[in-house]
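**Student:** The structure is given below, and queries will be raised subsequently.
The values are calculated or read from the model by the stated rules, or taken from the named source; none is laboratory data. Only a predicted model underlies this, so the values are computations on that prediction, with no experimental measurement involved. Here the Cβ positions follow ideal geometry from the backbone for every residue, glycine too, while neighbour counts run over all protein chains shown.
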Amino acid sequence: MSRLKIVVDKLEDWVAFYPTEDLITAHDYLALGSQPDTQPTQVINLCRHYRYLSYGYYISLLAEARGHRVIPTIRTINDLGKKSIYGLNMESLNDSLNKLIVKNPQLKSSLSADNRLEVTICFGKTLFAPLADLSRQIFEQFPSPVLKVTFRLVDEWQIETVKPASIDSLEENEEDLFATALDSFSRKVWRKPSVRKKYRYDLAILIDRQEKMPPSDPMALKHFIRAGRKLGIDVDLIEKKDFSHLAEYDGLFIRETTSISNHTYRFAKKAEVEGLVVMDDPASILKCCNKVYLADLLSANGVAMPETHFLYKDRKRELKALASTLTYPIVLKIPDGSFSRGVVKVSDPQALIDQANQYFKQSAIVLAQEFMYTDYDWRIGVLNHKPIFACQYFMTRGHWQIYNHQGGTAESGAFTTLPIHEVPAKVMKVALKATRLIGDGLYGVDLKQSGDKVVVIEVNDNPNIDSDVEDLYLKESLYRIVMEEFLRRMERRRLGI
């Protein structure tokens, strides 16, 4: 069970709230010393000040040194210390604010004489209903127990200041808000002690229940949960809405399709900042999600791949000249497509130019690749530089790709799952060479083999692991291998290795 410590400067600061055994003074917490601690601990730092070298500052600093999860973190304290720093993160929040104003023009009536509006936010919640969603976003950006946010209307609305506040500054109605918000924030720490006591670590698996083609199906997710719990890891399924609770976990496993432009990357980045073990990490997502980057990386490091050309939006003359020299058919790819989406085959120069111009509406660069037809693609699953599964994905019947999205539904071809030792040595060598350029996470390398020629089509972060597909040979052992790697990394993190 996770342990909760609510730290205040003086016990009297808590007089407005129900007594709790979790309460501890700043002096007593600091006096605990840095002792080996096998029980996960959540620290809520409610000191009156967080300024540099104050008690509040030292609480968060030493909590992190002791391996405790703390709110606010030192990073948040430092970010909120100067507007020149936290102001760098305001653009998206100000955009959200002004979109909100359009929907709620009555907000102007709440302004003071100097066109300002101050709102109190407790763990992402506020009494000012029109700004409830924005308050949650601000808390996710600057996780701190109590925030005082000032909005100002000049030519347009903007967030003028974001400052941490103490509980002794709360009005009576805000004290009720704080108590409710604290209970909601801490519920995971307090719940089900009899069930959770046997688990040493907490792992979150990020999913999207509405996703049509997720990286793991519901049965595979159950296998991951079962494998983790057998190893002493309590595994929870979380969704996009749980962003603000991410710091409550020791690790994050992303099991929905990743993209730099959506929330999966923000989850990975926040997990990394909070010190969680995360797969896949932000660097891997950045490298794998953009085919332009990946093609350049593989080419620069001598990894075999189909002949590839970059097509540039503002170089139409070069595009026309190149189109006339290529051997057709040619495959065109948009940089951030997935599951065969954003990939088309063109059969002549004019078709290439027309399709490239369509793709240029989404990306300044488009890839043109040599077409290599094979009956199947290899997929080698690699974790921490070691192969863990191997599949042959066959092309959809009557189609040249594994996935066929024509007709509004995604149809996929057959597959064969093989033991690692049956994979041709050259296929395995090229796959491992490619993943070493990315990192030590979980990857799926797609390759084509034609005689002695083996080329990498792409390296996927967050590869598919579905029941009765990738696990067909190793069964439950595949899920255990992944969870053992999480356990190994969480143990190393706890020990500071």
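**Student:** Tell me which of these T38 doesn't satisfy, since it passes every other one: (1) at pLDDT 85 or above; (2) under 23 Å from A271 (Cα atoms).
**Tutor:** Condition not satisfied by T38: (1).
**Student:** Got a number for residues in the range 38-58 being part of a helix (DSSP H, G or I) and under 15 Å from V146 (Cβ atoms)?
**Tutor:** Count: 1.
**Student:** Quick check on V455: is it of a type in the set (V, I, T), closer than 21 Å to S299 by Cα, within 23 Å of the chain's Cα centre (by Cα) and part of a strand (DSSP E or B)?
**Tutor:** Considered against the rule, which asks whether it is of a type in the set (V, I, T), closer than 21 Å to S299 by Cα, within 23 Å of the chain's Cα centre (by Cα) and part of a strand (DSSP E or B), V455 comes out as no.
**Student:** Every residue in the range 428-450 that is of a type outside the set (K, R), in contact (Cβ under 8 Å) with a residue 60 or more places away in the chain and within 19 Å of D296 (Cβ to Cβ), please.
**Tutor:** The answer is V430, A434, L437, I438, G439, Y443, V445, D446, L447.
**Student:** If you check F267, F253, F243, which single one turns out to be part of a helix (DSSP H, G or I), buried (at least 23 other Cβ atoms within 10 Å of the Cβ) and of a type outside the set (A, V, I, L, M)?
**Tutor:** None of the others qualify; the one that does is F267.
**Student:** Related question: Kindly check whether there is at least one residue in the range 467-487 that is in a strand (DSSP E or B) and not hydrophobic (A, V, I, L, M, F, W, C).
**Tutor:** Within the range 467-487, none of the residues are in a strand (DSSP E or B) and not hydrophobic (A, V, I, L, M, F, W, C).
**Student:** Just a yes or no: is a residue in the range 220-227 out of contact with any Asp or Glu (no Cβ under 8 Å at 6 or more places or on another chain), under 15 Å from P463 (Cα atoms) and crowded, with 23+ Cβ neighbours inside 10 Å?
**Tutor:** Yes, because at least one residue in the range 220-227 is out of contact with any Asp or Glu (no Cβ under 8 Å at 6 or more places or on another chain), under 15 Å from P463 (Cα atoms) and crowded, with 23+ Cβ neighbours inside 10 Å.
**Student:** Let me ask something else. When the residues of the range 271-285 are filtered to those that are among the hydrophobic types (A, V, I, L, M, F, W, C) and surrounded by fewer than 17 Cβ atoms within 10 Å (Cβ to Cβ), which remaining residue is modelled with the lowest pLDDT?
**Tutor:** Looking at the filtered set, the residue picked out is V273.
**Student:** In the range 160-176, how many are buried (at least 21 other Cβ atoms within 10 Å of the Cβ) and either under 15 Å from S96 (Cα atoms) or touching a Pro at 6+ places or on another chain (Cβ under 9 Å) (or both)?
**Tutor:** 2
**Student:** Turning to a different aspect of this structure: Restricting the search to the range 284-321, which residues are closer than 19 Å to D354 by Cα and either assigned to a helix (DSSP H, G or I) or hydrophobic (A, V, I, L, M, F, W, C) (or both)?
**Tutor:** F310, L311, K316, R317, E318, L319, K320, A321
**Student:** Here is a follow-up. Output the residues belonging to the range 171-180 that are more than 14 Å from Y18 (Cα to Cα) and of a type outside the set (D, E, K, R).
**Tutor:** N173
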